[in-house]
1. Name the single residue, out of those in the stretch 177-195 being β-branched (Val, Ile, Thr) and within 23 Å of PRO51 (Cβ to Cβ), that is nearest to the chain's Cα centre (by Cα).
2. For the stretch 65-85, name all the residues that are open to solvent by 70 Å² or more (accessible area, probe 1.4 Å) and within 23 Å of VAL156 (Cα to Cα).
3. Using the structure shown, decide if ARG207 is at pLDDT 95 or above and open to solvent by less than 60 Å² (accessible area, probe 1.4 Å).
4. So ARG102 fits all but one of (1) touching a helix residue (DSSP H, G or I) at 6+ places or on another chain (Cβ under 9 Å); (2) at pLDDT 90 or above; (3) part of a strand (DSSP E or B); (4) farther than 25 Å from PRO41 by Cβ; what number is the exception?
5. Filter the stretch 150-184 for residues that are without any contact (Cβ under 8 Å) to a residue 12 or more places away in the chain and of a type in the set (A, V, I, L, M) and give the result.
6. Answer yes or no as to whether THR203 is assigned to a helix (DSSP H, G or I), of a type in the set (Val, Ile, Thr) and out of contact with any helix residue (DSSP H, G or I) (no Cβ under 8 Å at 6 or more places or on another chain).
7. Tally up the residues in the stretch 154-195 that are assigned to a loop (DSSP other than H, G, I, E, B) and either in contact with a His (Cβ under 7 Å, 6 or more places away or on another chain) or modelled with pLDDT of 95 or more (or both), please.
8. Could you tell me whether ALA75 is under 13 Å from the mean Cα position of the chain (by Cα) and either assigned to a strand (DSSP E or B) or of a type outside the set (Lys, Arg) (or both)?
Amino acid sequence: FEAGRIRAEMKKLARTKQKEGFHVEPQIEQQAKQLLRDAGPLLNMPSLASPHNILVTQTELQSIEIAQPQARNMANQIFGGFLMRRACELAWATAYAFAGERPLFYEVDQVQFSMPVHVGDLLNFHSRVLYTTLKEELPGFVSGFEEERSKNIPLVSVQVEAWVVAPSTTSAKLSNQFYFTFACPGNTPTRRILPSNMEEARTMAWRMAADQEQENDDRKRK
């Protein structure tokens with residue numbers, strides 16, 4: 001319970017800093033710069049760059065729909081679970097299109113609700129693969145995996161943003177951010193994701209650091 005309280009406070013602080021515009025931590029900034037340097041050949045000489053690398057912008061998918069009244073809650077706003085389901089479906093499709101095989105849902109990494117969604121709002125769900133990694137093993141998570149393929153499992157981290165779009169006023173506001181992780185049961189090799197600008201690099205470095213911190217916390221509790 002104490003660990004959960006601390007994580008909740010950290011998430012709240014992160015949301016506050018994100019709204020205020022905060023100074024990026026030095027280690028994250030350093031990693032972001034390294035990611036952008038690694039992307040140099042792909043940005044400037046794509047025909048000569050490593051075929052095992054791909055830009056984050058080349059993994060993007062999106063879907064648009066109108067918020068319907070059957071998805072509203074008691075506060076007459078769109079139920080958060082509905083938004084999460086739509087985001088998860090798009091994230092799964094993004095991981096599928098990227099990896100070339102049907103991915104298995106592994107976990108929800110983080111959900112950020114910035115503003116409510118109302119009935120009739122036009123929602124634009126935008127997704128992208130942030131990074132990939134190899135997991136030596138996934139204890140307690142064997143569904144869909146053959147015994148000989150239970151190690152060095154590719155994991156795909158996907159970000160989904162939900163935007164409330166108002167064409168009549170030419171405005172778009174970020175409503176929600178979701179982060180999902182999927183596992184590739186066939187152990188299909190995945191490409192390395194690289195950023196095309198510093199903003200993407202910082203987002204990737206921040207998520208990598210957050211996931212690593214969570215993994216370290218899990219190890220301590222065990």
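1. Just the residues of the stretch 177-195 that are β-branched (Val, Ile, Thr), to begin with: 181, 188, 190, 193.
Applying the additional criterion that residues be within 23 Å of PRO51 (Cβ to Cβ) yields 188, 190, 193.
Values: THR188: 20, THR190: 16, ILE193: 12 Å.
By that ranking, first place goes to ILE193.
2. ARG85
3. Numbers: at pLDDT 95 or above: no; open to solvent by less than 60 Å² (accessible area, probe 1.4 Å): yes.
The answer is no for ARG207.
4. Among (1) touching a helix residue (DSSP H, G or I) at 6+ places or on another chain (Cβ under 9 Å); (2) at pLDDT 90 or above; (3) part of a strand (DSSP E or B); (4) farther than 25 Å from PRO41 by Cβ, the lone unmet condition for ARG102 is (3).
5. Kept after step one, since they are without any contact (Cβ under 8 Å) to a residue 12 or more places away in the chain, are these residues of the stretch 150-184: 168-171.
The answer is none; no residue qualifies.
6. On the way: assigned to a helix (DSSP H, G or I): yes; of a type in the set (Val, Ile, Thr): yes; out of contact with any helix residue (DSSP H, G or I) (no Cβ under 8 Å at 6 or more places or on another chain): yes.
Yes: the conditions hold for THR203.
7. Looking only at the stretch 154-195, we keep the residues that are assigned to a loop (DSSP other than H, G, I, E, B), and these are 167-170, 184-191, 195.
Restricting the remaining residues to those that are either in contact with a His (Cβ under 7 Å, 6 or more places away or on another chain) or modelled with pLDDT of 95 or more (or both) gives 191, 195.
Selection size over the stretch 154-195: 2.
8. On the way: under 13 Å from the mean Cα position of the chain (by Cα): no; either assigned to a strand (DSSP E or B) or of a type outside the set (Lys, Arg) (or both): yes.
No; evaluated as a whole, the condition is false for this residue.
The values are calculated or read from the model by the stated rules, or taken from the named source; none is laboratory data. All values reported here derive from a predicted model rather than from experimental measurement. Here the Cβ is made from the backbone with ideal geometry for all residues, glycine too, and neighbour counts use every protein chain on show. The protein model used for the area step is the full one, side chains on, heavy atoms only, and it has no ligands, DNA or RNA in it. Shrake-Rupley method; radii C 1.70, N 1.55, O 1.52, S 1.80 Å.
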